[in-house]
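The values are calculated or read from the model by the stated rules, or taken from the named source; none is laboratory data. In this text the structure is predicted, and so the values were computed from the model without any measurement. Every residue, glycine as well, gets a Cβ built from its backbone with ideal geometry; the counts of neighbours run over all protein chains shown. Just the protein is used for accessible areas: all its heavy atoms, side chains included, with ligands, DNA and RNA removed. Shrake-Rupley method; radii C 1.70, N 1.55, O 1.52, S 1.80 Å.
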Amino acid sequence: MDNTDKKTDITYRPIRAIISGGGTGGHIFPAVSIAGALKKCNPDSEILFVGAEGKMEMEKVPAAGYKIVGLPIVGLQRQLSLKNIINDLQLPVKVIASVNKAKKIIRDFKPDIAIGVGGYASAPLLWAAQDLHIPCLIQEQNGFAGLANKILGKKAQSICVAYEGMEKFFPADRIVLSGNPIRSQMTPPTPESREEGIRLYGLDPGRKHLLILGGSLGSAQLNRSMKEWISAGCPGGEGIDILWQCGKYYKGSIDEFMKNAEATLPESSRPSFCGIHHTDFIARMDLAYSAADVVVSRSGASTVSELCAVHKAAIFVPSPNVAEDHQTHNAMALVRRDAAMIVKDSEAPEKLLPTAIELLGQSGKIQDMERNIAALALPDAAQTIADEVYRVLEKESAKTKS
C-alpha cells in the first residue's frame with residue numbers, strides 16, 4: 001500500500017529500513033521514534049534495529065515492538081584501568097567482527113536504507129552499508145560531530161542535525177536541520193499540567209520549584225552539589241521546593257545523608273528540608289517539567305531537545321566524561337542565544353545552587369530564557385527525518401533510472 005502526503009508530495013511506499021545505534025537512552029529513544037514515524041508513513045514498512053550486544057537497546061527495542069540484532073562492538077574507554085586497557089586492545093578485532101556481521105545482516109535483510117543514530121553499533125553498520133552501496137542517513141544529535149560520523153558523513157546521502165552551523169563537519173548540501181526526536185508527551189506546560197505535576201510530586205504551590213536531573217543512573221557531581229548546599233544549611237532556600245532526581249546508584253546513600261542531615265543541622269535550617277524531595281527515578285518527566293520554574297541538568301542531546309520543546313529555563317552542567325566534550329557544545333549552542341545558562345562541572349559544588357537560587361528570584365530573566373529556548377524547539381523531528389528518508393530513496397531511484 002502506498003500513501004501520498006498532499007502537503008509534502010511524498011509517496012509513502014512500504015520500505016525496508018535498518019536503524020543502528022544505542023548504548024544510552026539518549027540514542028535509543030530517538031531511534032524508536034524514527035521507526036514509529038516510518039511506520040506511521042506506511043504501516044507495511046519493515047524495520048530492523050541493530051545494536052550492541054549487552055547494551056540496553058537489546059532490551060528496550062523489543063519492548064517497543066521491534067526486532068533487534070546485536071553486534072559484538074564495544075566503545076573506546078578513555079579512563080585508565082586494566083579493564084579498560086584490555087577493552088581497548090580488543091577494540092580493533094571487535095570492530096572488524098562487527099562490520100563483517102553487519103554485512104551479513106544487510107545481505108539477509110536487504111534494506112532500502114540504513115539509518116545511524118549514534119552509539120556503538122552505528123558506525124560498523126553504516127560502514128558495512130556504504131561498502132555494500134546501501135543509501136545511508138545519519139542522525140547527528142550533538143552540536144559537535146564525533147570522528148566516526150565525520151568520516152561516515154562524507155559518503156552519507158543525508159545528515160539530519162539538531163543544531164545550526166554543522167557545515168564545519170558535513171557537506172552543506174546534504175545537511176537537513178531536523179532537530180532530535182523526543183517523547184511525544186514533551187509539550188509546553190499548561191496551567192492544568194503544572195497543577196498536576198505539583199500535586200503528583202508533593203510540591204508546595206506557593207513556592208518556586210527547582211528540578212535537578214541527574215539522570216536515571218544519577219550524577220555524582222550534581223548530587224555532591226546538593227549535599228554540600230544542604231550541609232551548609234540550605235542558604236537562600238527559603239520559599240523554594242526542589243525535586244531532585246539523584247539516580248538509582250545513589251539513592252541509598254542519599255537517603256542516609258538526608259536522614260543524618262535532618263538530625264544534625266541546626267533547627268533554624270531544618271524547615272528547608274520540607275522543600276527537598278529526592279527520588280531515584282521520575283516516571284512522569286513531562287509533569288516534572290511542567291511543575292518546574294528552573295531545570296538543572298546535564299546537557300545530553302535528548303535532554304536539551306526536550307527542554308527546548310517544553311520551553312523551560314535551564315542551567316546546564318555539561319558532563320566532562322563524554323567524547324569530544326559534546327555536552328559543552330550542546331549547552332553553548334543555547335547559551336549563545338540567551339536560552340540557557342552554564343556552570344562548569346568542576347565549579348558545580350560551589351556555584352550551582354547559588355546560581356539556580358539567584359535565577360529563581362529573577363522572573364523576568366526566566367521569561368526571557370523561556371521565550372528564547374522555545375524559539376529553538378523542533379518538535380516534529382521524527383517526521384522530518386522520516387520524510388528525508390523517503391526523499392533520499394526517491395533521489396537514489398531517480399539516479400538508477402537515469
Rounded tilt (10° steps) of 220-231 against the dominant C-alpha axis of the chain: 10
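Restricting everything to alpha-carbon atoms, can you work out Rg to Rh for the stretch 24-65 with a Kirkwood hydrodynamic radius? Before the final figure, lay out each step's value.
Numbers: Rg = 10.5 Å, Rh = 10.8 Å.
So for the stretch 24-65, dividing Rg by the Kirkwood Rh gives 0.98.
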Angle in degrees between helix 191-200 and the longest Cα principal axis of the chain, rounded to the nearest 10: 70
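What is the calculated FRET efficiency for residue 358 to residue 154, with r their C-beta to C-beta distance and R₀ = 45 Å, to the nearest 0.05? The partial results should precede the final answer.
Values: r = 46 Å, r/R0 = 1.02.
The value I calculate is 0.45.
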Compactness of the stretch 159-232 - radius of gyration and Dmax, Cα, Å: 19.2, 54
Charge context of residue 166, other residues only, Cβ under 13 angstrom, K/R +1, D/E -1: -1
Cα-only radius of gyration and Dmax that characterise the stretch 229-336, units Å: 15.8, 46
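Ratio of the chain's C-alpha Rg to 2.2 N^0.38 Å, to two decimals? Intermediate values should be presented prior to the final figure.
Working: Rg = 22.5 Å, N = 402, 2.2 N^0.38 = 21.5 Å.
Output field value: 1.05.
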All lysines inside 19 Å of residue 168 as judged from Cα atoms, apart from same-chain residues fewer than 8 positions distant: 150, 154, 155
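What FRET efficiency comes out for the pair residue 185/residue 97, r = Cβ-Cβ distance, R0 = 51 Å, nearest 0.05? Don't skip to the answer; put the middle values down first.
On the way: r = 39 Å, r/R0 = 0.77.
Taking R0 as 51 Å, the efficiency between residue 185 and residue 97 is 0.85.
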Solvent-accessible area of residue 169 with every protein chain in place, 1.4 Å probe, in Å² to the nearest 10: 30
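Taking 0.36 nm per residue of separation and subtracting the Cα-Cα distance, what length does fully extending residue 167 through residue 3 add?
Details: separation 164, 0.36 × 164 = 59.04 nm, distance 3.34 nm.
Full-extension gain reported as 55.7 nm.
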5 angstrom amide H check on residue 143, placed H, neighbours 5+ away: 330
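Relative contact order for the chain: what percent, with Cα pairs under 8 Å and sequence separation of 6 or more? Each step should come with its number before you reach the end.
Details: 779 pairs, mean separation 62.5, N = 402.
Reported relative contact order: 16 percent.
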Amide H within-cut-off set for residue 16, under 5 Å, with H built and near neighbours excluded: 46, 112, 113
Pairs of lysine residues in the stretch 256-402 - Cα separation under 22 Å, sequence separation of 8 or more or cross-chain: 5
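Show me the ranking of peptides 311-317, 360-366, 32-38 by mean Cβ neighbours inside 10 Å, starting with the highest. Can you show the working numbers first?
Working: 311-317: 25.1, 360-366: 13.9, 32-38: 23.4.
Peptide ranking by packing, descending: 311-317, 32-38, 360-366.
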Full-stretch length increase - residue 108, residue 324 - with 0.36 nm per residue and alpha-carbon distance subtracted: 74.3 nm
On Cα atoms only, tilt of 381-401 relative to the major axis of the chain in degrees: 10
DSSP beta bridge pairing in the chain, given as percent antiparallel to the nearest 5: 5
Residue order for 66, 12, 120 - accessible surface, 1.4 angstrom probe, largest first: 120, 66, 12
Computed Kirkwood radius, in angstrom, where 1/r is averaged over Cα pairs of the stretch 319-402: 16.3
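How much net charge surrounds residue 318 when only other residues with a Cβ under 12 Å from its Cβ are counted (Lys, Arg +1; Asp, Glu -1)? Could the numbers behind the result be given before it?
Working: positive: 298, 344; negative: 324, 325, 345, 347.
Combined, the nearby Lys, Arg, Asp and Glu give -2.
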